[in-house]
1. Once a ≥ b ≥ c are taken as the square roots of the eigenvalues of the Cα gyration tensor of the range 5-216, is the result rounded (a/c under 1.5), prolate (a/b larger than b/c) or oblate (a/b not larger than b/c)?
2. Which one of 59, 89, 18 has the biggest mean-square fluctuation once the chain is modelled by GNM with Cα springs under 10 Å?
3. Hey, what did the range 60-121 get for relative contact order, percent, Cα under 8 Å, at least 6 apart?
4. Can you tell me the length gained on complete extension of the stretch residue 147 to residue 77, counting 0.36 nm per residue apart and subtracting the Cα distance?
5. Given springs between every Cα pair under 10 Å in a Gaussian network model of the chain, which of 77, 192, 107 has the largest fluctuation?
6. Say we join alpha carbon atoms closer than 10 Å with springs in a Gaussian network model of the chain; which of 143, 166, 37 then has the biggest fluctuation?
7. Check cross-link reach from residue 77 to the aspartates and glutamates: straight Cα distance under 19 Å, and skip same-chain residues fewer than eight apart.
8. Using R₀ = 45 Å, calculate the FRET efficiency as 1/(1 + (r/R₀)^6) where r is the Cβ-Cβ separation of residue 26 and residue 65; round to 0.05.
Amino acid sequence: MKQPIKIAVLISGSGSNLQAIIDHQKQHTETYQISLVISNKAHVYGLTRAKDASIPTELIDHTLFATRESFDQALQKKLDNAQVDLIVLAGFMRILTPQFTQHFLGKMINIHPSLLPKYTGLNTHQRALNAGDTEHGLSIHFVTPELDSGPIILQAKIPITSQDTVETLKEKVHQKEHLAYPQVIEWFSEGKLALKDNQAWFEQTVLTKPQQLNALNA
Ligand code: GRF
């Protein structure tokens, strides 16, 4: 039987995506194993979720490092030592140095709450509302040096109605995220995903447009 791949999940907060990844893993134990959860912030609920699931945790407090480079070096060392196959950024609120992203190129993915390339960075729900957009959503992409701009693997869309607020959009996007992220990790574990020549590949074919969660009946 195929060995599950080893993943590390990096968080800075509540970790609801981490929980979805943990829950999915319990049903699909052959696909991936969560070797490590790392947070750059103490006392976040995501760390409690990991401990409750008996997953090893590490706190690497970024405020104790003089430079971005030294923090990233400490993080890289932990991840190298853990020998993981995939690094999953799940609400990890740090800008990463080019050296770090280059080191893990093709082995690191991020989830972002917008339909990239729209709204890189913060406050995506508010910005979608302010712009009068009629749809919003999430993107999962390979991490490259430029923030939130790596090749996109999958997107999921939600309609924006006149009733929507930042809170309702956040909730709707989260619901889709919790389906989408485990699915993408599973694809990676099955060897279906790759980053080549700064393009995302799915089953040996360049993704000219991202996979859509809805198309998967999720
Ligand atoms: C998610 O909306 C994700 O897209 C963004 O940060 C949020 C993390 O939420 N990168 P949680 O900590 O997983 O609940």
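The numbers here are math on the coordinates, done by the rules we state, and not lab data. Since the structure is predicted, the reported quantities are computational estimates derived from the model, not experimental observations. Here Cβ is always computed from backbone atoms with ideal geometry, including for glycine, and neighbour counts include all displayed protein chains.
1. rounded
2. 59
3. About 32 percent, as a whole number.
4. 23.0 nm
5. Checking each option, the largest mean-square fluctuation is seen for 77.
6. Residue with maximal mean-square fluctuation among 143, 166, 37: 166.
7. Within the straight-line cut-off, residue 77 pairs with 58, 61, 69, 85.
8. 0.85
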